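I have placed the structure first, in the form of structure tokens, so that the comments after it can refer back to it.
The values are calculated or read from the model by the stated rules, or taken from the named source; none is laboratory data. Please read all numbers here as calculations on a predicted model, not as lab measurements. Don't worry about glycine lacking a Cβ; one is built from the backbone with ideal geometry, like all the others, and counts go over all protein chains shown.
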Amino acid sequence: MSRPFPVHAIVALLVAAAALPFTACGDGDDAAPAATPGTAAPRTATPAGTAPAPTPTGGAPSPAATPAVRATPPPAAPATPPVAGAYAAVPAFTQFNFERMVGLFPVPGSGDAVALTQGGVAYIASLAGAAAPPRVYLDLRDKLIDNPGNEEGLLGLAFAPDYASSGRVFVYYSAGEPRRSVIARYDASSGVADPASAQVVLEVPQPFANHNGGALVFGPDGYLYIALGDGGAGGDPQGNGQNTGALLGKILRIDVSGDTYSVPADNPFATGGGRGEIWAYGLRNPWRFTFDRETGELWAGDVGQNRWEEVDRIVRGGNYGWNVMEGRECYGNAACDAAAFIAPRAVYGRDEGCSVTGGYVYRGAAMPELRGWYVYGDFCSGKVWAVNTRDESDAVLLAASGKPISSFAEADDGELYLVTFERAIFRLSRP
Ligand SMILES: [Ca+2]
């Protein structure tokens, strides 16, 4: 399964080298369950000893800069669209400078955030950056699979909606013997997660090392949503994406308010037709999904096989096509009925990147023209785009950052950040 790369892409990939991500990127990582040589995640990540610099978080007015009394709701998106190329990635939160960061999560009710590293350690520090260096929030290195594949590791974290009082935090990691994905709960009432409090909530067997999904997000309904890739190899050989009897290739939705988990009664297959945990299916490797904090809509990036990266608006019971379709095309040589599936909101080909990283619907105040636009990027090319969530217009290329974007982060004020494999975080801004 070879795919020609343009020379510049090969150079970029060589530079990214050990970094090649979570993905698709078709070739090597899809060929075998074994880890790609030289790509194992580092098992240690050390906080840098350098003095944290102040970060440009202040100054943004509240997004609620609307009149106190308003007869009609504001339009979801302003009439003036974002201008292509008018945006930049500006260094931010420089106290978080760890290897293979895959997430940054503001801690509810505090000025802190937790940075997640694929190698198994999560660090907490003030977003103000001035006071203390990051501390270890949770160290799962002993629980991770030995010799992890390039896409395995500590991949997701979500604070319970009542975190401020319950201290409950949930994580997603890859374990071994047997190879599986684990969603576990910890008690962080003390301010950091207590290792002795671990409670496994859900375990899903993994046939191959790649395509693990990994995002955990609480919806506005209070339920925990979980992204699981198709199980790996290449082309979904087990047919998990279209199999509603399997948890792989899905976004799940479960109730974790109790000691174990339960299936919400209004899940699409709660009363039959598939596993009750499933919320949406036909996904290949959903790498990052989030909820629009204003509308509650769920948006995801789904990493492609060989041709198309895609952005999806995820709805209850939706079938997003994999492995019958890749993007808007039938996958492989077989004919297919595209009308049987929910089409992506946006796609891009391998000339624009090789592994989509889902972001957020922008709800900040600093860039009002972006309000209501879903922002996403590509790990390989570093390009950042946005699509209007209220129409079907073309995506706008906001910036060609050149950064290996592993994830996006959303601050309490709605501003967006790029989490990268350059041991650095960047704020998306319009200079
Ligand atoms: Ca699809």
(message) Condition first: surrounded by 21 or more Cβ atoms within 10 Å (Cβ to Cβ) and of a type in the set (Val, Ile, Thr). Now tell me which residues in region 218-249 satisfy that.
(response) Ile226
(message) Please pick out the residue among Gly321, Gly332 that is away from the ligand (no atom under 13 Å from the Cβ), in contact (Cβ under 8 Å) with a residue 12 or more places away in the chain and either over 30 Å from Glu294 (Cα atoms) or not basic (Lys, Arg) (or both).
(response) Gly332
(message) Condition first: polar (S, T, N, Q) and in a strand (DSSP E or B). Now tell me which residues in region 391-431 satisfy that.
(response) Ser406, Ser407, Thr420, Ser429
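Here's the yes/no breakdown for (1) part of a loop (DSSP other than H, G, I, E, B); (2) in contact (Cβ under 8 Å) with a residue 12 or more places away in the chain; (3) closer than 22 Å to Phe105 by Cα:
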position	(1), (2), (3)
Pro161	yes, yes, yes
Ala164	no, yes, yes
Tyr173	no, yes, yes
Ser181	no, yes, yes
Ala193	yes, yes, yes
Val201	no, yes, yes
Ala209	yes, yes, no
Gly231	yes, yes, no
(request) Scan region 249-262 residue by residue and report those that are within 21 Å of Gly214 (Cβ to Cβ) and in a loop (DSSP other than H, G, I, E, B). (result) Gly249, Val256, Tyr261
(message) Given the criteria more than 11 Å from the ligand (Cβ to nearest atom), more than 15 Å from the chain's Cα centre (by Cα), crowded, with 19+ Cβ neighbours inside 10 Å and over 27 Å from Phe379 (Cβ atoms), does Val263 qualify?
(response) no
(request) Restricting attention to region 250-297, report how many residues are under 30 Å from Glu415 (Cα atoms) and of a type in the set (Gly, Ala, Ser). (result) 3
(request) Taking Tyr362 as meeting all but one of (1) more than 16 Å from the ligand (Cβ to nearest atom); (2) touching a strand residue (DSSP E or B) at 6+ places or on another chain (Cβ under 6 Å); (3) under 20 Å from Asp236 (Cβ atoms), write down the number of the exception. (result) (3)
(request) Give region 123-170 a look and list any residue that's crowded, with 21+ Cβ neighbours inside 10 Å, of a type in the set (Gly, Ala, Ser) and closer than 29 Å to His211 by Cβ, or say none. (result) Gly149, Gly153, Gly156, Ala158
(request) Kindly indicate the residue of region 409-431 that is under 16 Å from the mean Cα position of the chain (by Cα) and hydroxyl-bearing (Ser, Thr, Tyr) and also nearest to Leu155 (Cα to Cα) among those meeting that condition. (result) Thr420
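Among the residues of region 145-152, are any of a type in the set (A, V, I, L, M, F, W, C) and within 25 Å of Phe379 (Cβ to Cβ)?
Yes, region 145-152 contains at least one residue that is of a type in the set (A, V, I, L, M, F, W, C) and within 25 Å of Phe379 (Cβ to Cβ).
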(message) Taking the criterion of being part of a loop (DSSP other than H, G, I, E, B), surrounded by fewer than 23 Cβ atoms within 10 Å (Cβ to Cβ) and at pLDDT below 95, would at least one residue in region 96-109 satisfy it?
(response) yes
(request) Look through region 275-318, keep the residues that are within 15 Å of the ligand (Cβ to nearest atom) and of a type in the set (A, V, I, L, M), and return whichever of them is surrounded by the fewest Cβ atoms within 10 Å (Cβ to Cβ). (result) Val315
(message) Take Thr271 and tell me if it is part of a strand (DSSP E or B), of a type in the set (S, T, N, Q) and either more than 16 Å from the ligand (Cβ to nearest atom) or at pLDDT 95 or above (or both).
(response) no
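For the structure I just gave you, tell me whether Asp112 is without any contact (Cβ under 8 Å) to a residue 24 or more places away in the chain and touching a helix residue (DSSP H, G or I) at 6+ places or on another chain (Cβ under 8 Å).
So Asp112 fails the test.
Within region 336-354, take every residue that is acidic (Asp, Glu) and closer than 14 Å to Gly382 by Cα and give me the one that is nearest to the ligand (Cβ to nearest atom).
For region 336-354, the residue satisfying everything is Glu352.
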(request) Look at Gly249 and say whether it is modelled with pLDDT of 95 or more and either within 19 Å of the chain's Cα centre (by Cα) or within 11 Å of the ligand (Cβ to nearest atom) (or both). (result) yes
(request) Pick out the one residue from Ser181, Ser126, Ser174 that is farther than 25 Å from Asn285 by Cα and small (Gly, Ala, Ser). (result) Ser126
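Please verify whether Val384 is within 15 Å of the ligand (Cβ to nearest atom), β-branched (Val, Ile, Thr), touching a residue at least 60 places away in the same chain (Cβ under 8 Å) and over 14 Å from Glu297 (Cβ atoms), treating the condition exactly as stated.
No, not satisfied.
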(message) Contact list please: Cβ distance under 9 Å, first residue in region 337-354 and more than 21 Å from Val384 (Cα to Cα), second residue polar (S, T, N, Q), pairs at least six apart or on different chains.
(response) Ala340/Asn319; Phe341/Asn319; Ile342/Asn319
